[in-house]
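The following block contains the structure, expressed as structure tokens.
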Amino acid sequence: MTITAAAGQPGLEPTFDRDDWSSAFGNVELELDGAPLQVVRGTIPEQLKGTLYRNGPGRLERGGQWVHHPFDGDGMIAALRFEGGQATLRNRFVRTEGWLAEERADQFLYRGVFGTQKPGGPLANALDLRLKNIANTHVVRLGDQLLALWEAAEPHALDPETLETRGITLLDGVLRKGDAFSAHPRFDPGHHGAPRMVTFGVKAGPRSTVRLMEFAVEDDPAAGVKAGQLLSERRDSFNGFAFLHDFAITPNWALFLQNAIAFNPLPYVTGQKGAAQCLQSKPGGQAKFWLIPRESGAFAGQPPRILDAPEGFVFHHLNAWEDQGAVVVESIYYSDFPSIGPDQDFRAIDFELLPEGLLEQCRIDLDAGTVSTTRLSERCCEFAMVNPEREGLPSRYAWMAVAERETGNDPLQAIKKLDLHSGERCVWSAAPRGFVTEPVMVPRPGAEAEDDGWVLVLVWNGARRASDLVILKADDLGEQAVLELPLAIPYGLHGSWAQA
């Protein structure tokens, strides 16, 4: 693993070995309890004190049958704890109802949203519309609970220390059984006093309803507020089918991008496809920005603002902020909805046939009702974040996972720091045999500079067929430490940092 020059390495040819990349797909066979981690290079900073939580699919095969898409794999939480320059690892599968039943049966008993079918073909799958809550997408700390999130259903509560599953939580009556709860909350660092977790739930259909919710993340005895308490909520309905994974916040707005997506449920109902395989870009459709006023902001109680959005498909946003009557949002755009067809093997996909994600900035002028777009990077990227203290505010720096080559679509093999003002960047590369997941930026306690801290990233090491944890310096992406994990963790989705 090396640091490349700031300009990257220009090239058009793929730089990865498919066997190295695909070797990450497999079942996690161990559950560890505070296993000490070996530092093979560098040192762990003494000031790095807390826990990196990661979530992702940990079981991808049962009884000889593979999931059709990794996103259908059962959720497994990894907790990497840092204290006194040392680190330990604990991991646990989320004991969902479906996971327990399928463990006993040693076969798939539920269909997967992304195309996994029960044994027996279409006849065995037709009309079975049950959802298996796989709790595999994100993990965040809220009060005394760790929440394993999957956006189509309720969260599962875990013990933050042991990772033992406490069960489905309705958050003290905020949710009803079966309610959707986003797997991509945003954490307001304190725009209106105390920090908050802002999140949402969606009821999708020909007309979709978004429920926006804000929760306290700290106890405030003087105000009679406890961490995890619901502080505000509102519901708004919009025309069209809502496929929403992520959103962005500013002090006054929650911003959603309604992709121009159509949903035809018939192949799902008849057992031919998974629900997500029934999504496709809507020919001639118009994407929309939905800006919902936050109840804590200056426009509380006002109706949402709706504006036309640029063409393309967005899973993730980087950040948003307000500027002289405009809202600026940075997002990762794909030219089309990326999907894996019913007859495709996800381990053999042709990256050249999939659209790459490119970082773009949209300036939404609320008075004029116009949107202008600027491309910020031509390099394929995903999983971008800013310093969490700059969430909802103008930020100079962003960290993201990128492809090794400058143009074209490939697996993510490097971490890039981008100066959003000048366009300058530096890149840390795990190529040719390493593959990265979502970077998590951790500010140094007491830091004043926006890029003073560390970037933590789980890396699949194709050479040793296991996972590494790499700690990078956030300012120049210099290697601070490399830890070899005694565990092979498949590519994950989202994670979070909990300060000690």
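Conditions tested, residue by residue: (1) loosely packed, with under 15 Cβ neighbours inside 10 Å; (2) at positive phi; (3) touching a Ser or Thr at 6+ places or on another chain (Cβ under 8 Å).
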{"position": "L100", "(1), (2), (3)": "yes, no, no"}
{"position": "E103", "(1), (2), (3)": "yes, no, no"}
{"position": "F114", "(1), (2), (3)": "no, no, no"}
{"position": "P119", "(1), (2), (3)": "yes, no, no"}
{"position": "A124", "(1), (2), (3)": "yes, no, no"}
{"position": "N133", "(1), (2), (3)": "no, no, yes"}
{"position": "L142", "(1), (2), (3)": "no, no, no"}
{"position": "T169", "(1), (2), (3)": "no, no, no"}
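Just to be sure, is R176 of a type outside the set (S, T, N, Q), out of contact with any strand residue (DSSP E or B) (no Cβ under 6 Å at 6 or more places or on another chain) and over 21 Å from R141 (Cβ atoms)?
Here the answer is yes, as R176 does meet what is asked.
Please find, among A298, A320, the residue that is touching a residue at least 12 places away in the same chain (Cβ under 8 Å), among the hydrophobic types (A, V, I, L, M, F, W, C) and buried (at least 19 other Cβ atoms within 10 Å of the Cβ).
On inspection, the qualifying residue turns out to be A320.
Just checking, does the range 334-353 include any residue being basic (K, R) and assigned to a strand (DSSP E or B)?
The answer is no, given that none of the residues of the range 334-353 is basic (K, R) and assigned to a strand (DSSP E or B).
Can you name the residue in the range 258-280 that is polar (S, T, N, Q) and either surrounded by fewer than 18 Cβ atoms within 10 Å (Cβ to Cβ) or in contact with a His (Cβ under 6 Å, 6 or more places away or on another chain) (or both) and is also farthest from G120 (Cα to Cα) among such residues?
Q280
If I ask for residues that are in a strand (DSSP E or B) and under 17 Å from E295 (Cβ atoms), which ones from the range 250-260 would you list?
W253, A254, L255, F256
Moving on to the next point. Show me the strands (runs of 3 or more DSSP E) entirely contained within the range 368-456 in which 1 or more residues are closer than 25 Å to L353 by Cβ and out of contact with any helix residue (DSSP H, G or I) (no Cβ under 7 Å at 6 or more places or on another chain).
Output list reads 370-375, 381-385, 397-403, 412-419, 425-429, 434-436.
Anything in the range 405-422 that is farther than 22 Å from Y491 by Cα and crowded, with 24+ Cβ neighbours inside 10 Å? List them, or say none.
The answer is L418, and nothing else.
Further question on the same structure: Restricting the search to the range 360-376, which residues are under 26 Å from P439 (Cβ atoms) and either modelled with pLDDT under 95 or among the acidic types (D, E) (or both)?
Passing the criteria: only E360.
Mind checking which residues of the range 261-316 are over 27 Å from P342 (Cα atoms), among the charged types (D, E, K, R) and assigned to a loop (DSSP other than H, G, I, E, B)?
R294, E295 - these are the residues of the range 261-316 that are over 27 Å from P342 (Cα atoms), among the charged types (D, E, K, R) and assigned to a loop (DSSP other than H, G, I, E, B).
Moving on. Could you give every pair whose Cβ atoms fall below 9 Å, whose first residue belongs to the range 241-262 and is in contact (Cβ under 8 Å) with a residue 60 or more places away in the chain, and whose second residue is in a strand (DSSP E or B) and of a type in the set (D, E), counting only separations of at least 6 or pairs across chains?
Listed pairs, sorted by first residue: A248/E330; I249/D188; T250/E322; P251/D188; P251/E322; N252/E322; W253/E322.
Taking the condition of being within 22 Å of V440 (Cα to Cα) and either over 24 Å from the mean Cα position of the chain (by Cα) or of a type in the set (G, A, S) (or both), how many residues in the range 352-382 meet it?
Counting residues in the range 352-382 that are within 22 Å of V440 (Cα to Cα) and either over 24 Å from the mean Cα position of the chain (by Cα) or of a type in the set (G, A, S) (or both) gives 2.
Counting only residues that are modelled with pLDDT of 95 or more and touching a Gly at 6+ places or on another chain (Cβ under 9 Å), which one in the range 296-312 is farthest from F215 (Cα to Cα)?
D308
Out of the range 117-142, which residues are in a loop (DSSP other than H, G, I, E, B) and either touching a strand residue (DSSP E or B) at 6+ places or on another chain (Cβ under 8 Å) or without any contact (Cβ under 8 Å) to a residue 40 or more places away in the chain (or both)?
Listed by number, the residues that qualify are K118, P119, G120, R130, L131, K132, N133, I134, A135, N136, T137.
Now for a different question. Hey, can you tell me all the residues within the range 144-159 that are surrounded by fewer than 22 Cβ atoms within 10 Å (Cβ to Cβ) and in contact (Cβ under 8 Å) with a residue 40 or more places away in the chain?
Across the range 144-159, the qualifying residues are D144, Q145, E151.
Which residue, of A481, A463, is out of contact with any helix residue (DSSP H, G or I) (no Cβ under 7 Å at 6 or more places or on another chain), farther than 19 Å from M385 by Cβ, part of a strand (DSSP E or B) and of a type in the set (G, A, S)?
Of the residues listed, the single one that is out of contact with any helix residue (DSSP H, G or I) (no Cβ under 7 Å at 6 or more places or on another chain), farther than 19 Å from M385 by Cβ, part of a strand (DSSP E or B) and of a type in the set (G, A, S) is A481.
May I ask you to say which residue of V459, V402 is under 19 Å from Y53 (Cβ atoms) and surrounded by 18 or more Cβ atoms within 10 Å (Cβ to Cβ)?
Unique residue meeting the criteria: V459.
Still on this model: Go through (1) part of a loop (DSSP other than H, G, I, E, B); (2) touching a residue at least 40 places away in the same chain (Cβ under 8 Å) one by one and return the number of the condition V210 breaks.
Every condition holds for V210 apart from (1).
Turning to a different aspect of this structure: Can you give me the number of residues within the range 222-249 that are in a loop (DSSP other than H, G, I, E, B) and either loosely packed, with under 14 Cβ neighbours inside 10 Å or among the basic types (K, R) (or both)?
Of the residues in that region, 2 qualify.
Something else about it: Filter the range 73-98 down to residues that are more than 27 Å from R130 (Cβ to Cβ) and touching a Ser or Thr at 6+ places or on another chain (Cβ under 8 Å) and give me whichever is surrounded by the most Cβ atoms within 10 Å (Cβ to Cβ).
F82
The values are calculated or read from the model by the stated rules, or taken from the named source; none is laboratory data. Nothing here was measured: the structure is a model prediction, and the numbers come from that model. Positions of Cβ are generated from backbone atoms using ideal geometry, with glycine treated the same way; all protein chains shown enter the neighbour counts.
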